[in-house]
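Remarks on the structure that follows.
Derivation of every value follows stated rules applied to the coordinates shown; laboratory data play no part. Predicted model, so just to flag it, every value in this text is computed and none were measured. Here the Cβ positions follow ideal geometry from the backbone for every residue, glycine too, while neighbour counts run over all protein chains shown.
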Amino acid sequence: MADGTYDTIAVGLALAGCDVVATDASEAMVQRTARLAAEHGARVEASVCTWDALPGRGWDAAFDVVFCVGNSLPHAVGRDGRRGLPIYTWTIPARWDEPHVFDVAVALVAGDGAVQTHRERFAFWPFTEDELLEDLHAAGLEPAPCGAAPADKAGRYLVSARRPG
């Protein structure tokens, strides 16, 4: 997991009763997560780990759910000592119910300048507003009146939520 949002998600999941393991390549982010967990009395196993080191952690089939938070996937740009350049695009169609596409290409550069490119395309479909609201309610949350905006012509919307009370 990476970026400034993973620590709050990790701690929130731990406070909800989940066993949580959080990793980041940044020592500062791992320390931030540990501090936040301690402040809230949450148990989070947080450790420094780069993407290429993940397979060596012995976690094969050890998790029920894995989150890749934020846009950390396209930033996983090192492999076997080679540096990489990520290039990614999001394609958002005019109709919300059509497939959305996230394309990522990584050009890995060897020490001799040789370049090897890897490309993946991921299709995704966003939640509808009703599906999102149903999931929020199932999680014990309610939409925050100041954060909800009506859907625009393309069906996009914004919803903020909080615990009741």
Q. Expressed as a fraction of 2.2 N^0.38 Å, the rule-of-thumb size for a compact globular protein of N residues, what is the C-alpha radius of gyration of segment 77-126?
A. 1.49
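Which order do the peptides 117-126, 83-92 come out in when sorted by mean C-beta neighbours inside 10 angstrom, highest first?
Numbers: 117-126: 11.2, 83-92: 13.3.
Highest mean packing first, the order is 83-92, 117-126.
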